[in-house]
2 protein chains.
Amino acid sequence: MNAFEGSKSIRLAHGAGGILQEELINFITKSIFKKNLNNGIGLEEMDDGATIPLKWKDQELVITADGHTIHPLIFPGGDLGKLSICGTVNDLLMMGAEPLALTSIVIVEEGLKFKTLEKIMNSFNTTANELGLAIIAGDTKVMPRGTLNEMILATTGIGIREKTIRIEDKNLKEGDKIIITGTIGDHGTALMAAREGLNITSELNSDLTVLTPIMEIIKEDLKKNSIHAMKDPTRGGIAAALNDWAKKSNKSIYLEEDTIPIKKEVKAICEMLGLDPFNIASEGRALLCVESTRAHEILMKIRKTSLGKDAEIIGEVKKDHPKKVLLNTLIGGTRFIDMPLGENIPRIC
Amino acid sequence: MNAFEGSKSIRLAHGAGGILQEELINFITKSIFKKNLNNGIGLEEMDDGATIPLKWKDQELVITADGHTIHPLIFPGGDLGKLSICGTVNDLLMMGAEPLALTSIVIVEEGLKFKTLEKIMNSFNTTANELGLAIIAGDTKVMPRGTLNEMILATTGIGIREKTIRIEDKNLKEGDKIIITGTIGDHGTALMAAREGLNITSELNSDLTVLTPIMEIIKEDLKKNSIHAMKDPTRGGIAAALNDWAKKSNKSIYLEEDTIPIKKEVKAICEMLGLDPFNIASEGRALLCVESTRAHEILMKIRKTSLGKDAEIIGEVKKDHPKKVLLNTLIGGTRFIDMPLGENIPRIC
């Protein structure tokens with residue numbers, strides 16, 4: 001007997017704690033290479049939980065949590081599986097941590113095609129395997145048809161970082177420079193264009209990716225704490241991320257409009273749909289707040305990586321107008337960039 | 001402005017990364033007492049993740065993951081919030097760990113009443129607070145009306161245990177006794193009775209609870225490894241849990257039908273609905289596999305606790321018929337108790 005037998009799609013019984021559930025779990029986990037951490041109990045044992053034997057002294061664990069609810073499950077430039085790994089790993093990286101392991105909760109709707117599930121989970125597992133990430137614990141649930149649209153993945157990431165690292169949202173210093181590692185808004189715009197069926201989408205993919213290549217090349221700067229804060233501008237875009245920093249650090253951020261990298265397709269689609277690209281999610285970009293004396297060199301390093309060719313210094317931390325983000329516009333004025341209230345564009349991440 | 005303004009229910013904009021999302025998060029987390037662990041970065045900082053400064057030497061972390069999808073959200077004896085804490089904490093306890101912290105991913109449907117959300121999250125936070133558990137990281141997502149039935153909570157639990165503890169599913173030894181800490185099937189039966197609108201439900205509540213009082217009283221036995229395995233019989237009931245043990249340990253388990261504690265209401269409802277109580281979930285019971293010489297004393301200790309008055313020794317580990325669970329029945333025969341295939345009773349945990 002196997003999970004396919006008698007059906008090409010998920011049945012309620014696949015979630016009910018019996019033989020079929022075991023088979024679903026095996027189906028979901030079969031392509032994972034690394035199933036435990038530090039030789040502890042892991043996914044293979046299918047026990048009530050996993051163990052992580054501790055072997056670190058001067059480090060701290062970093063923990064992040066993400067619920068991934070994207071629609072459509074497969075989109076230009078990625079899918080739910082890849083998104084779940086990238087989102088979680090990027091959050092760990094943005095804390096200055098080395099990603100080690102994650103837990104994965106898979107919730108599927110009755111009737112979901114095994115083919116779709118396999119595609120998503122292969123993408124999830126392959127992305128994890130490429131990063132050497134262990135998937136050490138998980139859960140699966142099946143919800144009756146009509147009570148969930150297709151599938152959700154909920155992940156908790158576990159990483160490790162030196163205790164001396166001080167990457168924090170509240171850590172902005174006057175004079176610091178703000179770097180963005182690539183163009184803004186590609187992910188959210190590509191998704192919305194795909195949903196709206198705009199032809200222009202063929203030109204535009206999500207920026208979805210893990211930020212590891214950039215983190216690798218600036219490792220030394222991280223250790224020396226010349227990078228004060230990092231954040232990936234996901235939901236709410238750079239407007240939300242930068243306002244969050246300004247507020248927590250009690251500083252202002254001045255942006256220069258002419259330096260902010262944005263693709264012409266993104267600009268065009270946003271204009272068409274009446275959206276502000278500053279509010280649109282990326283899934284493979286980082287904002288860095290760095291010491292001004294180090295900014296240029298760090299920018300040059302980032303530009304040398306596969307992900308960073310469009311990186312730019314886009315602004316500066318100041319003390320007037322604390323808690324505000326301001327934009328020096330192309331036409332010469334200065335205006336506030338507010339925290340978005342919350343656009344009605346759900347399920348983009 | 002607050003999350004209630006202009007609406008008594010969740011809007012899509014509450015999930016879009018802006019001001020309304022901040023307010024939703026504040027609303028969800030306001031009644032949590034403990035928001036970090038070991039003075040690390042925690043929920044309060046609303047950064048990309050939390051940190052756990054390490055201070056342990058001879059211990060290992062224990063990690064568990066659960067997706068909670070119960071319907072109805074509020075049921076006789078509990079609700080989704082309490083279930084999420086109890087389920088996660090019990091999994092940590094069943095690994096012999098001390099629960100420390102958890103991450104919490106809240107996924108809600110557009111239109112969910114704030115009143116309902118508040119009730120669930122108060123229950124979640126209060127139960128965590130009572131246990132001294134920190135909630136250190138989380139995420140919130142809003143799904144459009146019709147794409148999710150009300151609400152899901154996904155939690156990852158973090159605990160700590162001595163490296164010397166050997167509680168594992170595969171650890172059953174010949175001659176060991178099997179203890180159940182209370183009556184079987186209350187949770188699943190109460191839920192199904194409530195769904196079916198059976199009047200008898202007024203007599204029957206879910207057994208949902210944390211197993212801490214029992215774990216406290218048997219702490220010494222845990223340390224001495226006279227307890228070989230522990231498991232809470234949730235999905236698939238004791239049939240799934242015991243078959244899992246037998247299979248992983250390559251042993252058989254013989255049960256004595258006349259010793260298995262079961263409420264007459266549970267028996268009656270299961271007969272009425274054509275269900276096998278051995279396959280029905282509990283959410284506040286533990287199965288323990290203990291050294292035979294210690295079994296009676298451990299049973300007596302458990303019976304003294306608030307949760308354990310119906311505890312019984314229900315079976316023994318043998319070597320014939322490896323990987324099988326057998327039942328010596330009331331009428332004199334012996335039959336196999338199979339791993340359930342998977343009943344069509346979804347969303348009970």
Ordered by number, the residues of the stretch B:84-128 with at least 30 Å² less accessible area in the assembly than alone (1.4 Å probe) are B:MET95, B:THR103, B:ILE105, B:ILE107
In the stretch B:90-145 the accessible area split gives carbon plus sulfur, as whole percent at 1.4 Å, a share of 45
Computed over chain B: longest principal axis from alpha-carbon atoms vs helix B:80-94 long axis, angle to nearest 10 degrees, is 50
Note: probe point = Cα of B:LYS113 + 7 Å toward Cβ; backbone nitrogen < 14 Å; residues of the stretch B:306-347 passing the test are none
Total charge of the residues flanking A:THR329 in space, meaning their Cβ is under 13 Å from its Cβ, with Lys and Arg +1 and Asp and Glu -1, is -2
From the Cα centre of the stretch A:228-243 to that of the stretch A:291-349, the distance in Å is 9
Mean per-residue count of partner chain Cβ within 10 Å for B:295-305 equals 0
Heavy-atom accessible area per residue of chain A, all protein chains kept, 1.4 Å probe, expressed in Å², is 37
Rounded to the nearest 10 degrees, the helix B:114-130 long axis (Cα) sits at an angle to the longest Cα principal axis of chain B of 60
Computed for the protein assembly as shown: size of charge dipole around the Cα centre, +1 on C-beta of each Lys and Arg, -1 on C-beta of each Asp and Glu, debye to nearest 20, value 700
Here the convex hull volume per residue of the stretch A:212-278, taken over Cα atoms and given in Å³, is 131
For the pair A:ALA268 and B:GLU196, the simple spin-label estimate (label points 7 Å beyond Cα toward Cβ) gives in nm 6.1
Chains A and B: accessible area buried, summed over both chains, 1.4 Å probe, nearest 100 Å², reads 6400
Expected integer from the mean partner chain Cβ neighbour count at 10 Å over B:332-340 is 2
Comparing each residue of the stretch A:58-72 in the complete protein assembly with the chain by itself (heavy atoms, probe 1.4 Å, ligands and nucleic acids ignored), those losing at least 30 Å² of accessible area are A:GLU60, A:LEU61, A:ILE63, A:ALA65, A:GLY67, A:THR69
If R0 = 30 Å, then B:LYS170 and B:ASP58, at their Cβ-Cβ distance, give a FRET efficiency to the nearest 0.05 of 0.85
What helix-only [θ] at 222 nm does chain B give? Using -39500 (n - 2.57) per DSSP H run of at least 4, over all residues, to the nearest 500, the answer is -9000 deg cm²/dmol
Output field shielding_mean for A:232-243 (other chain Cβ, 10 Å radius) holds 3
Candidate cut points under GluC sites (Glu not before Pro) in the stretch B:139-239, DSSP loop plus at most 14 other Cβ atoms within 10 Å of their own Cβ, are B:GLU174
Cα-based Rg and Dmax for the stretch A:34-162, in Å, come out at 15.1, 49
Packing-ranked peptide list from A:296-304, A:136-144, highest mean Cβ count within 10 angstrom first, is A:136-144, A:296-304
Once B:LEU341 and B:THR329 are pulled to full extension, the length gained, defined as 0.36 nm per residue separation minus their Cα-Cα distance, is 2.2 nm
With the charge dipole of the stretch A:217-323 built from beta-carbon charges (+1 for Lys and Arg, -1 for Asp and Glu) about the Cα centre, the Cα from A:SER292, A:SER282, A:LEU255 projecting farthest to the positive end belongs to A:SER292
Checked the protein assembly as shown against the a/c 1.5 cut and the a/b vs b/c comparison, axes a ≥ b ≥ c from its Cα gyration tensor; verdict prolate
Given the candidates A:LEU191, A:VAL106, B:LEU73, the one whose Cα lies deepest towards the positive end of the charge dipole of the protein assembly as shown, counting +1 at each Lys or Arg C-beta and -1 at each Asp or Glu C-beta, is A:VAL106
Between the Cα axis of helix B:237-249 and the main Cα principal axis of chain B, the angle (0 to 90°, nearest 10) is 70
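The values are calculated or read from the model by the stated rules, or taken from the named source; none is laboratory data. Since the structure is predicted, the reported quantities are computational estimates derived from the model, not experimental observations. All Cβ positions, glycine included, derive from the backbone under ideal geometry; neighbour counts span all protein chains shown. Calculation scope for accessible area: heavy atoms of the full protein, side chains included, ligands and nucleic acids excluded. Shrake-Rupley method; radii C 1.70, N 1.55, O 1.52, S 1.80 Å.
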